[in-house]
Amino acid sequence: MRTSMAIMICKSITFICHVFKKRGTVFPGKMARKVYRDTLKHISYPDKVIAVTGSSGKGSTVSLIARVLEKNGEKVVWNESGSNVRTAIETLVLNSSGIFSHKMNADVLLLEVDERYLDDILEDGVITHLAITNITRDQPSRNISPDFIFEKIKNSIDPKSTLILNVDDPFLNRLKYSHEGKVVAYGIDKTKYDVTKPNYAVDAAYCPSCSSKLKYTSYHYGHLGLYKCPVCSFGRGTLDYEARNVDLETFSFELDGSKVKLDKGAFFAVYYTTLAYAILREIGLDKEEILKAINEGSMSSKRGKVYEFEGRKIEMLESKNENNLSYIQSLNYIHLQKEPKTVVMGFENVSRRYRYNDLSWLWDIDFELLNSDVVEKIFLIGRFKYDVAVRLHYAGIDEAKIHLVEDITNLLDEVSEKSKSDIITMVCFDMTGVITDMLKERQG
């Protein structure tokens, strides 16, 4: 009875939220938990429950998986909004469940999950496939350190789940030695974009088994790359799914003996496409059907929106605050462009959850990549624009290229007046909606 009441409350509050044009992704689940805290224990889940977690890349991975599943006729319930904490997932699950049957109306439950609270999401035995993208320095005020997050994830893994790991990450690679269930390894082979020595501090430099310094033959970015311990047997090992012959200029790479198209010419796109393919193969989808769906068109991703402004293309990359690798991936993407670009950067809040204004992470980011002829102008927005300007100054970027926008409502006018090239925004979540709304208002 209490389960039915909690589901009814969740559905009713969600409906009211939508009537008043509110997102309603977290609050309904929060209220449902007040009615009955153990509602999720009494839900009948589909046979396939997939969770994707990690410091970055999980949202793009889930978006691509959902698109492929839907094209293959599967009924997918997934957190498209990006809300990935316990109460948001409770809202999603209960809204998709029958009030009296308590059964989810879905063939697949697909979840993007906050890595900090993986242990609080679903009960043991529910998640059939758990994929982990990477572990990096991310929101230190909340996540403390990569080692802390590793332990949180490790202690949350159901031994019966199939574990899908990015073994280019030494942090994650440790898990294949301790997991009791099936382990699937994915990664990227050496590419022409790799470096033999990174220009920034890396999060994993020593062997987690014997503490010797790892020997990298190449770095993709951050601590992700091809490595091996020179003392013990720790290394990437044999991969089940490995991306090869990556060519960002042609938006393509090879996987499982076939050519795969990317939705954008960015290295991180290779990772989430490879992971999506690996998960889809592991749950039983046909190889050709997966490739057909991936290659048919660009992904409609919340991480990479494209608009038009006065005949100029605006590509929006969401760069996650307090995560140096998220920024570095966006910077690498800009650095590889062939035509001049106008760049918009900035954020209004360091964190959406905490009031700390720690900006030390800005100095872990290789902003020197913007010191390039491909960058025509850089517009800085948000409350911390002066702090970012200081970092760009020390990166050696020509101050004539840097423009501070004092009033965000004037951004489009100032971009129109002071630059001519196509635009790439690399802003945090809080500013994406603001810029999008301004563009839509201009377009009528």
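Just so you know, all these numbers are worked out from the coordinates, no wet-lab data involved. Because the structure is a prediction, the values reported are computed rather than measured. Note that each Cβ is placed from the backbone with ideal geometry, even for glycine, and that neighbours are counted across all protein chains shown.
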About its Cα centre, region 1-102 carries a charge dipole, from +1 on Lys and Arg Cβ atoms and -1 on Asp and Glu Cβ atoms, whose size in debye to the nearest 20 is 340
Centre separation in Å (Cα based) which lies between region 255-284 and region 1-49
33
Explain nothing, just the number: dipole magnitude of region 327-444 about its Cα centre with +1 on each Lys and Arg Cβ and -1 on each Asp and Glu Cβ, in debye rounded to the nearest 20.
260
With the 8 Å Cα cutoff and a minimum separation of six or more residues, the chain has a relative contact order in percent of 12
Which net charge results when you count Lys and Arg as +1 and Asp and Glu as -1 among the other residues whose beta-carbon is under 11 Å from that of THR25?
+1
Collect residues whose amide H, placed 1.01 Å from N in the peptide plane, falls under 5 Å from the amide H of ALA131; neighbours closer than 5 in sequence don't count.
ALA51, VAL52, THR53, ILE164
Could you work out the relative contact order of region 244-378? I mean the mean sequence separation of Cα pairs under 8 Å and 6+ apart, divided by the number of residues, in percent.
18
Overall dimensions of region 46-296 by Cα: Rg and Dmax, Å
17.9, 59
Semi-axis lengths (Å, descending) of the ellipsoid that matches the C-alpha gyration tensor of region 197-241:
17, 15, 8
Exposure proxy ranking, count of Cβ atoms within 10 Å, fewest first, for LYS41, LYS30
LYS41, LYS30
Residue-averaged [θ]222 nm for the chain, counting only DSSP H segments that reach four residues, each worth -39500 (n - 2.57):
-9500 deg cm²/dmol
Region 307-376: relative contact order from alpha carbon pairs under 8 Å, six or more residues apart, as a whole percent, is 39
Once the dipole of region 1-140 is set up with Lys and Arg at +1 and Asp and Glu at -1 on Cβ about the Cα centre, which of HIS18, GLN139, LEU69 lies farthest towards its positive end?
HIS18
Extreme residue, positive dipole direction of the chain, given options LEU130, LEU325, ILE381 (C-beta unit charges)
LEU130
Take the residue pairs LYS22/LYS152; LYS41/LYS160; LYS305/LYS338; LYS287/LYS341; LYS176/LYS261; LYS261/LYS401 and return only those whose Cα atoms are more than 26 Å apart.
LYS22/LYS152; LYS287/LYS341; LYS176/LYS261; LYS261/LYS401
Under-5 Å amide H pairs with PHE234, H placed in peptide plane, nonlocal only:
CYS229
If I model the chain as equal point scatterers sitting on the Cα atoms and use the Debye formula, what is log10 I(q)/I(0) at q = 0.06, 0.07 Å⁻¹?
-0.26, -0.36
Could you tell me the calculated FRET efficiency between SER360 and LYS197, based on Cβ-Cβ distance and R0 = 22 angstrom, to the nearest 0.05?
0.45
Applied in sequence order to region 130-137, the curve 6.51 cos²θ - 1.76 cosθ + 1.60 (Karplus, θ = phi - 60°) yields integer Hz couplings, x standing for Gly and Pro, of 10, 10, 10, 7, 5, 10, 9, 4
Quick one: 3J(HN,Hα) in Hz for region 30-37, Karplus 6.51/-1.76/1.60 with θ = phi - 60°, rounded, Gly and Pro as x.
5, 5, 4, 5, 5, 6, 8, 5
What dipole magnitude, in Debye to the nearest 20, does the chain give about its Cα centre under +1 on Lys/Arg Cβ and -1 on Asp/Glu Cβ?
1040
Mean shadow area of region 4-128, taken as a quarter of the surface of its Cα convex hull (nm²)
7.5
Subtracting the Cα-Cα distance of TYR206 and GLU180 from 0.36 nm times their residue separation yields 6.9 nm
Counting only residues 5 or more apart in sequence or on a different chain, those whose built amide H sits under 5 Å from that of ALA243 are GLY187, ILE188, ASP189
Tell me, how many Å apart are the Cα centres for region 354-390 and for region 150-217?
29
Please find the FRET efficiency linking ARG391 to ASP120, where r is the Cβ-Cβ separation and R0 is fixed at 30 Å, and quote it to the nearest 0.05.
0.25
Roughly how compact is region 272-430, stated as its Cα Rg over 2.2 N^0.38 Å to two decimals?
1.17
Neighbour counts of other C-beta atoms within 10 Å: give me SER372, SER101 arranged from fewest to most.
SER101, SER372
Among LEU411, MET31, ASN173 - extreme Cα towards positive end, dipole of the chain, charges at beta-carbon
MET31
Separation of the SER81 and GLU254 label points, Cα + 7 Å toward Cβ, nm:
4.4
Phi to ³J(HN,Hα) by Karplus 6.51 cos²θ - 1.76 cosθ + 1.60 over region 83-89, Hz, x for Gly, Pro
5, 10, 8, 3, 5, 5, 5
By how many nm would the segment from VAL434 to LYS338 lengthen if fully extended, with 0.36 nm per residue of separation less the alpha-carbon distance?
31.7 nm
